Amino acid sequence: MTTGSDLLDLSPVIPVVVIEDVADAAPLAEALLAGGIRVIEVTLRTPAALDAIAAIHASVPDIVLGAGTVTSPEQAEQAVSAGSSFLVTPGTTPDVLDACFATGLPFLPGAGTVSEAMRLAERGLTALKFFPAEAAGGVDYLKSVAGPLPGLRFCPTGGISLATAPRYLALPNVGCVGGSWLTPKNAVAAKDFGRIEALAKEASTLTRD
């Protein structure tokens, strides 16, 4: 069974994707896969998101498909029905946490403070999303929490780029990073899937130290 910790080992970068047009979903996922990135997080930020997840689930079975920006119990249930195989939350309320557990899927719960991370660890969760990474302290913050929270690993997301990702991946408590730079809004709008494949190839060469 895949766990939250396993999710951190799938790829050095989990693409964080916003899809406005369902027709873009499968070609976008195929471009990431062709570029060597075998995981995708489709954020539930648009009316098309759940249908986009369903389209990827049906057409691109080789990519590990997740739903991000899960902010309510209903969204957790809807993401499962659409075909998601993992969930990601930006933060974690008790109701959202319980709903994620209830799905049986692996998930990365969001934490932005030490107290939030400790509460999630109390529930047995050791793989967390650190969000918003750059705004919440970035690399220096994660270095600081490694000592008091040695059992936790993170996927920092928010404001990270190809240039800054290596600094995060060099940290022992970082398994991967979340990145929106692989699927720029203008490239998706232009249906420039060749550019997305090229960005994925670039990202796939990043390594964890």
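Quick notes
- Largest mean-square fluctuation among GLY104, GLY68, GLY91, in a Gaussian network model of the chain whose springs join Cα atoms under 10 Å apart, belongs to GLY104.
- Extending 7 Å from the Cα toward the beta-carbon at both ASP62 and ASN186 defines two label points whose distance is 3.1 nm.
- Among VAL60, VAL174, VAL17, the largest mean-square fluctuation in a Gaussian network model of the chain (Cα springs under 10 Å) belongs to VAL60.
- Environment charge at VAL60 (Cβ cut-off 11 Å; Lys +1, Arg +1, Asp -1, Glu -1): -1
- Full extension of the chain between ALA170 and THR71 yields a length gain of 32.7 nm, computed as 0.36 nm times the residue separation minus the alpha carbon distance.
- By the rule of a C-alpha distance below 22 Å, with chain neighbours fewer than 8 residues away ignored, the lysines paired with LYS201 are LYS185, LYS191.
- Which of ILE37, VAL18, ILE53, positive extreme of dipole for the range 1-53 (C-beta unit charges): ILE37
- Hits among lysines - C-alpha to C-alpha of LYS129 under 22 Å, sequence gap 8 or more where chains match: LYS143
- Taken over the chain, the alpha-carbon convex hull comes to 104 cubic angstrom per residue.
- Square roots of 5 times each gyration tensor eigenvalue, C-alpha, the range 1-116, largest first, Å: 22, 16, 12
- q = 0.20, 0.30, 0.33 Å⁻¹: log10 I(q)/I(0) that the Debye formula gives for the range 131-172, counting C-alpha atoms only: -0.56, -1.18, -1.33
- Once the gyration tensor of the Cα atoms in the range 78-173 is diagonalised, the equivalent ellipsoid follows with semi-axes of 23, 16, 11 Å, ordered largest first.
Every read-out reported here was derived from the displayed coordinates using simple, explicitly stated rules and does not represent laboratory data. Keep in mind the model is a prediction, meaning the values are calculated, not measured. When we count neighbours, we look across all protein chains shown, and the Cβ atoms used for this are built from the backbone with ideal geometry, even at glycine.
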